[in-house]
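J.: Attaching a single structure in structure tokens format; questions to follow.
The values are calculated or read from the model by the stated rules, or taken from the named source; none is laboratory data. Not measured: the values here are computed from a predicted model. Note that each Cβ is placed from the backbone with ideal geometry, even for glycine, and that neighbours are counted across all protein chains shown.
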Amino acid sequence: MELRQLQYFVTLAEELHFGRAAAREYIAQSGLSARIQRLERELGVRLLDRSTHHVSLTAAGAAFLPEARQILDRVTRAGAAARGAGDVPVRLRAGIADANDDSMPQILHQVQAGWPDLVIDQIEAGVPEQCRRLADGSLDVGIGAATLATPQIASHLVRHDPVGVLLPEGHRLAELEAVPVALLASERLLLAHESRAPEFNQVIVQMCRGAGFNPTVYEGSVQSVRAAAGLVVRGRCLHAIPFSCAFALPATTWRPLSEPAYLYPWSILWRAGDQSPHVQAVVTAARAVSRRLGWLRAGDRVAA
């Protein structure tokens, strides 16, 4: 029995779909199927029930899954222990789109719980820069819209994030539970710096045009959500941001946009083919956090 066979089985058990599991493991579906069949022959039991449109765990497969996960986890920890014994700290360079975003910190918190000796460097960078740094090897993982990812970068969608507008306390729109996009026609909107979030700026402009107007854009620019909040508080402009970035901004109120409502797609990003344990630990943690917190919901409409 090979560790790779165990990993393939665990991935397939999580996805219950040969196509998605094969894509996660960068292997052809036929190759994945052959590895699983070989594992079943070696164990002498059937782990999966398969049909043309359905994959499910057998009773043996359900019993085998937690043991397989434990074996893989122990191997990962053994490697980390060996590296630690050599006094060479394992480092993870993680990109975050903005210091105020709560998505990546929650994921990294779970990673750190499983890898207590892992040294994590959080690097604030816009999605275009994250993609460049992933490609050149100066970043290990990132988070952002996968629309900017090149074929060199793998991605996995983890969050549909409601898009809203940041208002100063006492603003007339703050009395609403949700702000129809059309009501922004009379407001000045601060867009993100083009080098940091061109894809999000495009979403906002398309939202406004879809509501029948071109946005009045505030001429200044900032490099962070917290700096944008300062302008909002002073009454210079309003600022559209996802819900995940709207926390702990004094003297401001965030309201979701409606008519229509939009969701921004956050994906974990990493170099295609990078199977290093700490990078895969981030991907696994991102999936787990997403499931636990309900970041993805059936029927969500995603901003495009």
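J.: Would you confirm whether any residue within region 289-298 is in a loop (DSSP other than H, G, I, E, B), of a type in the set (Gly, Ala, Ser) and in contact (Cβ under 8 Å) with a residue 40 or more places away in the chain?
T.: no
J.: Determine whether Arg255 is basic (Lys, Arg), modelled with pLDDT of 95 or more and in contact with a helix residue (DSSP H, G or I) (Cβ under 7 Å, 6 or more places away or on another chain).
T.: For Arg255, the condition - basic (Lys, Arg), modelled with pLDDT of 95 or more and in contact with a helix residue (DSSP H, G or I) (Cβ under 7 Å, 6 or more places away or on another chain) - is met.
J.: Sort out which residues of region 233-284 are assigned to a helix (DSSP H, G or I) and outside the structural domain of Glu219 (by TED's automatic domain parsing), and write them in order of number.
T.: Passing the criteria: Pro277, His278, Val279, Gln280, Ala281, Val282, Val283, Thr284.
J.: What strands (runs of 3 or more DSSP E) lie completely within region 114-205 and have 2 or more residues being in the same structural domain as Gly273 (by TED's automatic domain parsing) and touching a residue at least 24 places away in the same chain (Cβ under 8 Å)?
T.: Correct list: 119-124, 141-144, 153-168.
J.: Give the residues of region 264-282 that are under 18 Å from Asp98 (Cβ atoms) and either more than 13 Å from the chain's Cα centre (by Cα) or hydroxyl-bearing (Ser, Thr, Tyr) (or both), sorted by residue number.
T.: Within region 264-282, Tyr264, Ser267 meet the criteria.
J.: Further question: For region 215-235, which residues satisfy the criterion of being of a type in the set (D, E, K, R) and either crowded, with 16+ Cβ neighbours inside 10 Å or closer than 15 Å to Ile96 by Cα (or both)?
T.: Arg226
J.: If you go through region 206-217, how many residues are in a loop (DSSP other than H, G, I, E, B), free of Cβ contacts under 8 Å to residues at least 40 places away in the same chain and under 29 Å from the mean Cα position of the chain (by Cα)?
T.: Total satisfying the criteria: 1.
J.: Still on this structure, I have one more. Being modelled with pLDDT under 90 and over 21 Å from Glu194 (Cα atoms) is the filter here, so list the residues in region 139-164 that pass it.
T.: Pro151, Gln152, listed by residue number.
J.: Of the residues Ala227, Ala286, Ala240, only one is under 22 Å from the mean Cα position of the chain (by Cα) and closer than 19 Å to Glu187 by Cβ; which?
T.: Among Ala227, Ala286, Ala240, only Ala240 is under 22 Å from the mean Cα position of the chain (by Cα) and closer than 19 Å to Glu187 by Cβ.
J.: Right, next: From Gly170, Gly164, Gly212, grab the single residue that is exposed (fewer than 14 other Cβ atoms within 10 Å of the Cβ) and either in contact with a strand residue (DSSP E or B) (Cβ under 9 Å, 6 or more places away or on another chain) or within 21 Å of Ala99 (Cα to Cα) (or both).
T.: Result of the check over Gly170, Gly164, Gly212: Gly170.
J.: Restricting attention to region 12-40, report how many residues are free of Cβ contacts under 8 Å to residues at least 40 places away in the same chain and either outside the structural domain of Val55 (by TED's automatic domain parsing) or of a type in the set (A, V, I, L, M) (or both).
T.: 9
J.: Of the conditions (1) within 22 Å of the chain's Cα centre (by Cα); (2) closer than 30 Å to Leu139 by Cα; (3) touching a residue at least 60 places away in the same chain (Cβ under 8 Å), Ala261 clears all except one; give me its number.
T.: Of the numbered conditions (1) within 22 Å of the chain's Cα centre (by Cα); (2) closer than 30 Å to Leu139 by Cα; (3) touching a residue at least 60 places away in the same chain (Cβ under 8 Å), the odd one out for Ala261 is (2).
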